[in-house]
Amino acid sequence: MKTSRIEDYLDSLFPNPQCELSYQKDYELLMAIVLSAQSTDKRVNQVTNILFQKYPTLKDISKASIADLEDIIRPVGSFRKKASYIRNIAVILLRDYEGIVPRSREQLILFPGVGRKTANVFLSEFYGDAAIGVDTHVERISKRLGLASRKDDVLQVEKKLMKKFDKTVWGKRHLQMVLFGRYHCKAIKPECQNCLLVDICGEKKKNL
Ligand code: SF4
């Protein structure tokens with residue numbers, strides 16, 4: 001009952017949710033997701049626009065100087081680590097995968113900078129595979145709304161969401177929860193006064 005109310009509300013707010021990262025190719029999406037850690041999609045899009053224009057192929061990225069990649073990537077934070085991830089992802093894709101990002105979480109999580117969340121977001125967005133990426137928004141909203149418990153780690157949250165949501169909508173629910181967290185149920189000062197879930201939300205007393 002509670003889950004269906006949450007799902008109905010998300011459907012009413014975001015009937016056709018879209019990923020806000022810009023990409024043309026499989027590796028561009030994977031790299032954009034890696035760059036998005038601790039950053040905003042807007043900043044990532046600004047950076048990848050420059051990055052993929054200057055280095056239009058995987059081979060170009062694999063041969064780029066780390067110093068130049070760091071300069072380009074700087075606005076999204078953790079730029080040293082991320083520049084190294086991006087170049088190494090390009091090297092591995094060319095060396096082991098003929099330049100094609102594998103459609104396998106087990107293989108994806110072996111790439112530098114790619115964890116379970118990144119792999120799930122990639123598989124769901126690029127291939128339409130059933131997967132729920134639990135990022136900071138999804139985790140926060142799941143806990144506020146009681147879809148998961150406060151003490152759950154991200155894997156436990158993911159497992160609970162997979163049980164509660166029908167498999168056919170996992171990717172859609174992920175996108176909706178990201179958008180809900182980004183624009184309504186923000187980490188600081190969520191917009192509870194406009195939220196129709198306030199009566200079932202564990203956060204309500206603090207924000208009204
Ligand atoms: Fe988020 Fe506030 Fe709505 Fe709870 S009531 S889900 S904290 S916006």
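Things worth noting here:
- Orientation-averaged projected area, Cα convex hull of region 26-127 (nm²): 5.5 nm²
- Centre-to-centre, using Cα atoms only, region 121-167 and region 1-78 are separated by 19 Å.
- Loop-located GluC sites (Glu not before Pro) in region 86-139, at most 16 other Cβ atoms within 10 Å (DSSP): Glu98
- Among the GluC sites (Glu not before Pro) in region 155-208, none is located in a DSSP loop while being surrounded by at most 10 other Cβ atoms within 10 Å of its own Cβ.
- Only alpha carbons enter this Debye calculation for region 122-190, each as an equal point scatterer, and the log10 of I(q)/I(0) it gives at q = 0.20, 0.23, 0.24, 0.25 Å⁻¹ is -0.76, -0.98, -1.05, -1.12.
- Helix-only mean residue ellipticity at 222 nm for the chain, each DSSP H run of n ≥ 4 adding -39500 (n - 2.57), per residue, nearest 500: -17500 deg cm²/dmol
- With 22 Å as the limit on Cα-Cα distance, the pairs of Lys42/Lys117; Lys81/Lys151; Lys42/Lys163; Lys82/Lys189; Lys2/Lys143; Lys82/Lys159 that go past it are Lys81/Lys151; Lys42/Lys163; Lys82/Lys189; Lys82/Lys159.
- When Ser62, Ser142 are sorted by how many other C-beta atoms sit within 10 angstrom of their C-beta, beginning with the fewest, the order is Ser62, Ser142.
- In summary, region 58-208 shows an alpha-carbon radius of gyration equal to 1.24 times the 2.2 N^0.38 Å reference for compact globular proteins.
- Partner aspartates and glutamates whose Cα lies under 20 Å from the Cα of Lys160, excluding those fewer than 8 positions away in the same chain, are identified as Glu7, Asp8, Asp11, Asp129, Asp135, Glu139, Asp152, Glu203.
Every read-out reported here was derived from the displayed coordinates using simple, explicitly stated rules and does not represent laboratory data. Every value quoted in this text rests on a predicted model; they were computed, and no experiment measured them. We place every Cβ from the backbone using ideal geometry, glycine too, and count neighbours over all the protein chains shown.
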